[in-house]
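The values are calculated or read from the model by the stated rules, or taken from the named source; none is laboratory data. Since the structure is predicted, the reported quantities are computational estimates derived from the model, not experimental observations. Cβ: placed from backbone, ideal geometry, glycine included. Neighbour counts: every protein chain shown. For accessibility, only protein heavy atoms count, side chains too; no ligands or nucleic acids. Shrake-Rupley method; radii C 1.70, N 1.55, O 1.52, S 1.80 Å.
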Amino acid sequence: MTWLALPGDCPYGLDTLPYGIFSAGAGDPQVGVRIGEHVLDLAGVAGATGYEYADVFAQPSLNPLMALGPTACRGVRNWARSLLSAESERETVSPHLLDISTVEMRLPIEVADYVDFYASESHACNVGQIFRPDSPGLPPSWKHLPIGYHGRAGTVVVSGTDVVRPRGQRRPGSDGMPLFGPSTKLDLECEVGFVVGQPSSPGHSIEVGQALDYIFGVVLLNDWSARDIQAWEYVPLGPFLGKSFATSISAWVLPIEALDAARLPLPRQVPAPLPYLSADGTSLFALDLRLEVTLNGQVISAPPYQEMYWSPAQMLAHMTVNGANLRVGDLFASGTVSGWKHDTFGSLLELTSDGTAPLELADGSARGFLEDGDVVTLTGWAPGPAGTRVTLGEVTGRVVGSTG
Ligand code: CA
């Protein structure tokens, strides 16, 4: 229980407590913890109570906090929880609680490297059928390794940031010359992002069983995708300008330990992956995350994360098996989360069969792909301890017209 007056269905209760970077008025950006409709100013309350990490909380990204390591971070979370639980702390803590409507949220992490995987079998099959109708849906390597590519870390933006429709080349018209202009197939991808909090050494591979020592937390992530640019450019080196213009993440990073009750055994993988991607059942965890995609206020899909084929632990092991080292602030994303049913697909590409079967929206309009002014919001929750719910920070963004 908390001494704050929170409604019973409050999405940011004591079992969630995500971290973010906020600024209030002309103040410098710093670390906050979300509780209900409030942000707890950690630097302020640490200064008032003599807690040791006041300087870490005064930083403009979560990277210094994450770098303290999993044991210290668990201590910080327990400290914040106790401040918000014990009635005796109310008088000390209350002056450091800010109404969420009075603060501005910033990008929570300084993104080091950004990798995007492709871990949903349903999504991979659907995309394969659309992009390569004459080939098998899954590439031959798909069930042997979690396929991924390096994205653009510098264009990761915080929830609420407008996304400018990208311009680029599209498949040639009848004269054989590529078309050029604003994308006509701008899409969303509903994904889960994992934030790395610990570095590793060059030449050192992370084992699947060590993944939770390196993953600090989880964000929701929208991998905006220009399908027409992507389709023309992606052979043979993969996505480039069709993806790199913007990737949105939630302002709130949910610590991975908040998802302890949401961990599930990973469904059996056939064929069995190579030994470096294998472990006992607990290391190869799945996550029971219930996601929703909302377009202009209307829910258009409910992707189930627990159906993902590859575990985040396998993604991390694969990402480092060649000796590539991790840095604090690395971000790796799951790839589009799609279930097997139509209303669980995590992209418009799949929901509308590449625009050929537009979605009918409640306002009478139809969407094959996104139009200027459209607002896309991803939300999610997971089972918490003792029947509670843990909330994933939402990520939202509005499409604005191309400036060129
Ligand atoms: Ca993606």
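Between 175, 162, 260, 213, which is open to solvent by 20 Å² or more (accessible area, probe 1.4 Å), charged (D, E, K, R), away from the ligand (no atom under 16 Å from the Cβ) and at pLDDT below 95?
Sole residue among the options that is open to solvent by 20 Å² or more (accessible area, probe 1.4 Å), charged (D, E, K, R), away from the ligand (no atom under 16 Å from the Cβ) and at pLDDT below 95: 175.
Which of the residues that make up region 31-66 are in contact with a strand residue (DSSP E or B) (Cβ under 8 Å, 6 or more places away or on another chain), acidic (Asp, Glu) and open to solvent by 60 Å² or more (accessible area, probe 1.4 Å)?
Selection gives 37 alone.
Filter region 349-374 for residues that are surrounded by fewer than 15 Cβ atoms within 10 Å (Cβ to Cβ) and in contact (Cβ under 8 Å) with a residue 40 or more places away in the chain and give the result.
Hits for region 349-374 are 362, 363, 372.
Among the candidates 181, 238, single out the residue that is modelled with pLDDT of 95 or more, on the phi > 0 side of the Ramachandran plot and surrounded by fewer than 24 Cβ atoms within 10 Å (Cβ to Cβ).
None of the others qualify; the one that does is 181.
What do you reckon, is residue 119 under 29 Å from residue 326 (Cα atoms), part of a helix (DSSP H, G or I) and under 25 Å from the mean Cα position of the chain (by Cα)?
no
Identify, by number, the condition in (1) modelled with pLDDT of 95 or more; (2) within 16 Å of the ligand (Cβ to nearest atom); (3) in contact with a Phe, Trp or Tyr (Cβ under 8 Å, 6 or more places away or on another chain) that residue 126 doesn't meet.
Going through the list (1) modelled with pLDDT of 95 or more; (2) within 16 Å of the ligand (Cβ to nearest atom); (3) in contact with a Phe, Trp or Tyr (Cβ under 8 Å, 6 or more places away or on another chain), residue 126 breaks only (1).
Does any residue of region 382-392 turn out to be under 29 Å from residue 69 (Cα atoms), more than 16 Å from the ligand (Cβ to nearest atom) and part of a loop (DSSP other than H, G, I, E, B)?
Scanning region 382-392 turns up at least one residue that is under 29 Å from residue 69 (Cα atoms), more than 16 Å from the ligand (Cβ to nearest atom) and part of a loop (DSSP other than H, G, I, E, B).
Do any residues in region 45-73 that are under 25 Å from residue 211 (Cα atoms) have Cβ atoms under 6 Å from those of residues that are modelled with pLDDT under 95 and loosely packed, with under 15 Cβ neighbours inside 10 Å, where the two are at least six apart or on different chains, and which pairs are they?
That search, which allows pairs on different chains as well, returns nothing.
Select from region 4-31 the residues that are under 19 Å from the mean Cα position of the chain (by Cα) and among the small types (Gly, Ala, Ser) and list them in ascending order.
20
Yes or no: residue 292 away from the ligand (no atom under 16 Å from the Cβ), among the acidic types (Asp, Glu) and part of a strand (DSSP E or B)?
yes
Go through (1) over 30 Å from residue 272 (Cα atoms); (2) open to solvent by 60 Å² or more (accessible area, probe 1.4 Å) and name the single condition residue 129 misses.
All conditions pass for residue 129, except number (1).
Output yes when any residue across region 197-205 is within 30 Å of residue 399 (Cβ to Cβ), open to solvent by less than 10 Å² (accessible area, probe 1.4 Å) and not β-branched (Val, Ile, Thr), and no when none is.
No: region 197-205 contains no residue that is within 30 Å of residue 399 (Cβ to Cβ), open to solvent by less than 10 Å² (accessible area, probe 1.4 Å) and not β-branched (Val, Ile, Thr).
Pairs only if they're at least six apart or on different chains, beta carbon under 6 angstrom, first in region 319-343 and over 19 Å from residue 309 (Cα atoms), second among the hydroxyl-bearing types (Ser, Thr, Tyr) and surrounded by 23 or more Cβ atoms within 10 Å (Cβ to Cβ); list them, first residue then second.
Correct list of pairs: 331/114.
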